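This report concerns only the one structure given below.
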């Protein structure tokens, strides 16, 4: 069933998703009876989970609301693309900038500590402070990098993006009447 998102999706957060059916859907037996009119609303969810390498947002559809007010419960039907592949391809944010900033920050602290140590003529308070700064900078930088690596990429879908609903069970519907 073809539809378009009314709400934008960001997999960094789980939440509700709303779409509108973009084409009339007719019965599969004769093709003459309108079952779901264009403009019907789909209510679903984005679970907000994505892993490294994912390029698709995974949506499930739970309810269909017809323009005449009647509704139909869908049992977590999958959101698919035009070819029927599970998930909807979106804009991927791998969050590389914070990782790069953390790496540069750690490198800068370590380098400053090394410069302080080297400029102290073999010891003394400044040399010890430089050693401590270099060690602490490396440790803090390592923690920053580890933290950033735990953050999963997010996939964004814009409002208006085309989606399809893959109905995997038999639906017995009466012809639509406004």
Could you list, in sequence order, all residues of segment 29-43 that are under 32 Å from the mean Cα position of the chain (by Cα) and over 15 Å from residue 177 (Cβ atoms)?
38, 41, 42, 43
Which pairs do you get when a residue that is within 23 Å of residue 61 (Cβ to Cβ), found in segment 82-98, comes within reach of a residue that is part of a loop (DSSP other than H, G, I, E, B) and at pLDDT below 90, reach meaning Cβ atoms under 7 angstrom, with the pair 6+ apart or on two chains?
88/81; 89/55; 89/81; 92/55; 92/153
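The values are calculated or read from the model by the stated rules, or taken from the named source; none is laboratory data. Everything quoted here is computed from the prediction, not taken from an experiment. As a convention, Cβ positions derive from the backbone with ideal geometry for all residues, glycine included, and neighbour counts pool all protein chains shown.
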